[in-house]
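Notes to accompany the following structure.
The values are calculated or read from the model by the stated rules, or taken from the named source; none is laboratory data. Since the structure is predicted, the reported quantities are computational estimates derived from the model, not experimental observations. Every residue, glycine as well, gets a Cβ built from its backbone with ideal geometry; the counts of neighbours run over all protein chains shown. The accessibility values were calculated without ligands, DNA or RNA, using every heavy atom of the protein model including side chains. Shrake-Rupley method; radii C 1.70, N 1.55, O 1.52, S 1.80 Å.
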Amino acid sequence: MVALTPISRKPMSFVVPTVAASGALAGIFVGAAQGSSILGFVVGAALLAVIAVIVMQDILPERMMKWIITVGFALAGFVLAGLPALIIGALFGWFYGWFAYWLFEGRYRGKVPPYLTSGQVLWHFTFRVICGAIFVFLITPILVVMPLSFNAQDFFTFTQEMLQFDPAGYSLKHYRDFLTNPEWTNAVANSLRIAPVATLLSVSLGTLAAIGLSQSHVPGRRAIMAILISPMIVPLIISATGMYFFYAKIGIIGTYWGVVLAHTVLGIPFVIITVTATLVGFDNSLTRAAANMGAGPVKTFFKIQMPLILPGVISGGLFAFITSFDEVVVVIFIGSAKLQTLPWQMFTGLREQISPTILAAATILVGISIILLTIVEMLRRRSERLRGMSPS
């Protein structure tokens, strides 16, 4: 086991500039909201520098000092912008109280090996900050949509009532419209008719393709693999255009099976990739042993191979389902007015009606995606345990 570095208090020349720099960064955003990023930068740096100096004087116990900082930031936020800013200010205060003591007491060194240089420790935490910033950048647009879906008004922006947490500013009317309006219910019904069938076909064909391509004796398997996963690489508009001209030749444009086959093509690459990854740890001696015991290929597949690769198959199926359920470009080319899916209805609502019901639909889709991705992660861990790659 690697020994960890003993923690010790750090000098003011390190703590104060670091805390001030973090305060300046936060001050830019707060200042921008108030109309002056430069003022926010200066005030944030100065304020956090003062807090760092006070913390290092060790006048009050740590817990009491953290409470004072949290309450102070909360009151400042309330004075600036009311109740919502009070909550944000309290969160800022809690974080900076913890951050100042984390640096001052040297606790940041407690979880890294002692042989790391100062530059390596700096990069260790800078890398995590960069990853966290990217995560926040990606997740924030999704988080903004969710509260907006409860807007009592037909707006795509936060109203004064919402910002003041007034119950009158919130409503479930957009969710009621989503669940009762025939345009939306028919779109959901079409998606639920198309996605499961496309998923079933994707799983069946993709699993068989992955098993065949996992055999070393298959000629040209790399080229075949590249062709099969090309729908993931080729821009969707190009795939949709190609499908349109091909399906028009065989007369299935605007039909149910035309859309299902198009979504099947888009879902197969996900199944192939996940099943192929599962087959990497598969012991082929098991199938040879089953053959020696007299089991046929079909029985060997269902009794031996399928139970072991099932997590990968289900994961691929979930990705194929999400792809079919969320896809809009191909269905616009291949579908028809009677086969209008939920993403198509959302696109139409944005282009023609600007209907806030889209926000409710988006929130529901985000919730479904989170549930499905959680299941995928659970299946991935189960697959690792079955293959002996994880101890727990």
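Volume of the convex hull of the range 128-278 (Cα atoms only), normalised per residue: 197 Å³.
Counting 0.36 nm for each residue step from R222 to I87 and taking away their Cα separation leaves a gain of 43.1 nm.
Only Cα sites of the range 1-115 enter the Debye sum here, all with the same form factor; the resulting log10 I(q)/I(0) across q = 0.15 1/Å is -0.68, listed in q order. In the range 32-80, the C-alpha radius of gyration followed by the widest Cα-Cα span (Dmax) gives 12.7, 37 angstrom. For the range 233-331, the orientation-averaged shadow of the C-alpha convex hull comes to 7.9 nm² (one quarter of the hull surface). Out of the range 91-146, which chymotrypsin sites (Phe, Trp or Tyr not before Pro) are coil in DSSP terms and have no more than 11 other C-beta atoms within 10 Å? Passing sites in the range 91-146 are Y115. Model label sites at R288 and S118, defined 7 Å from Cα along the beta-carbon direction, differ in position by 6.0 nm.
At full extension, A21 and C131 could sit 37.7 nm farther apart than now, given 0.36 nm per residue minus the alpha carbon distance. If R0 equals 22 Å, the separation of the Cβ atoms of L172 and R351 corresponds to a calculated FRET efficiency of about 0.30. Per residue, the accessible area of the range 199-252 comes to 63 Å² when a 1.4 Å probe rolls over the protein heavy atoms. For the pair V53 and A32 in one chain, pulling the backbone fully straight at 0.36 nm per residue adds 4.9 nm over the alpha carbon distance.
A Förster radius of 22 Å combined with the Cβ-Cβ distance from Q164 to V71 puts the calculated FRET efficiency at roughly 0.55.
Candidate cross-link partners of K299 among the lysines, defined by an alpha-carbon separation under 23 Å and a same-chain spacing of 8 or more, are absent.
Label-to-label distance, L138 versus S13, with points set 7 angstrom from Cα along the beta-carbon direction: 4.0 nm.
Kirkwood hydrodynamic radius, computed over distinct alpha-carbon pairs, for the range 177-248: how many Å, to one decimal?
Final number for the Kirkwood radius of the range 177-248 is 15.3 Å.
With the largest listed first and rounded to whole Å, the semi-axes of the equivalent ellipsoid of the range 281-366 from the Cα gyration tensor are 46, 14, 8.
Could you work out the equivalent-ellipsoid semi-axes for the chain, taking the square root of 5 times each eigenvalue of the Cα gyration tensor, largest first, in whole Å?
Semi-axes, largest first: 50, 34, 17 Å.
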